[in-house]
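Let me begin by presenting the structure, written as structure tokens, before commenting on it.
The values are calculated or read from the model by the stated rules, or taken from the named source; none is laboratory data. Computed from a predicted structure; not experimentally measured. Here Cβ is always computed from backbone atoms with ideal geometry, including for glycine, and neighbour counts include all displayed protein chains.
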Amino acid sequence: MLDAFSFLTRPFWPGTAQKEWITNGIDIEQKIKLDLLEKDNLRLRQLLELKNSNNKNQISAAVISRRSRDFWQQLDLNKGSIDGISIGDAVLGPGGLLGLIDSVTPTTSRVRLLTSPGMNLGVWIERSKVHGVLLGVGTNRPQLEFLNKIPNARLGDVVSTSPASTLLPPNIPVGVIQFINEETMPSPNAVIQLIASPEAIDWVKVQSRQ
């Protein structure tokens with residue numbers, strides 16, 4: 001009986017191809033786990049740097065609230081006016097600018113994100129010295145409205161705060177151009193991938209102007 005069973009089930013036994021599939025699947029799983037672990041370690045190192053990076057003009061603060069319906073609009077922080085934070089201060093995450101302080105209490109503050117609808121900020125592309133206005137549209141990718149009808153911009157260009165701005169320090173990294181629409185009127189616009197992604201932020205730095 002055992003011999004007959006073995007004969008009948010032999011086609012379903014793992015052959016060379018099946019073993020390779022299983023081995024490849026295990027290898028891919030391990031690579032994915034290692035990649036996720038490396039990314040998580042990098043994120044934790046960045047957060048630790050933010051948490052421990054207080055100096056005279058930068059205040060480290062924890063994110064204490066995100067409203068699901070306002071996910072791309074605001075964050076609440078655990079530091080306020082008694083810590084030196086004021087309305088209009090720049091808020092930085094790992095890699096670049098997140099938004100501006102919109103309101104303050106003695107012990108907390110609220111951040112209006114760059115992705116918030118109606119948010120606008122003067123920016124430029126340092127490589128080509130092209131200026132524009134970054135506009136929040138309520139998604140994770142704001143738009144860049146160029147001031148020139150024929151902008152010298154290309155995919156991958158880094159966008160940062162403009163030296164002409166009186167609201168923020170110049171050349172704070174903001175994002176990278178992902179798509180350029182040259183058909184829009186009266187001037188082209190672009191889609192920007194933010195460097196500091198608000199959905200993964202636990203700690204921030206507030207650039208105090210005091």
Looking at segment 40-62, can you tell me whether even one residue there is surrounded by 15 or more Cβ atoms within 10 Å (Cβ to Cβ), within 16 Å of the chain's Cα centre (by Cα) and at pLDDT 90 or above?
no
Can you tell me which residue within segment 71-108, out of those that are more than 20 Å from the chain's Cα centre (by Cα) and polar (S, T, N, Q), is surrounded by the most Cβ atoms within 10 Å (Cβ to Cβ)?
T108
Those residues of segment 94-130 which are in contact (Cβ under 8 Å) with a residue 60 or more places away in the chain, in contact with a Lys or Arg (Cβ under 8 Å, 6 or more places away or on another chain) and within 30 Å of L147 (Cα to Cα), in sequence order:
P94, G99, L100, I101, T115
Out of all the residues in segment 174-197, is one or more β-branched (V, I, T), touching a strand residue (DSSP E or B) at 6+ places or on another chain (Cβ under 9 Å), part of a loop (DSSP other than H, G, I, E, B) and over 24 Å from S65 (Cα atoms)?
yes
Consider V191 carefully, then state whether it is among the β-branched types (V, I, T), closer than 25 Å to G84 by Cβ and either touching a Leu at 6+ places or on another chain (Cβ under 9 Å) or modelled with pLDDT under 85 (or both).
no
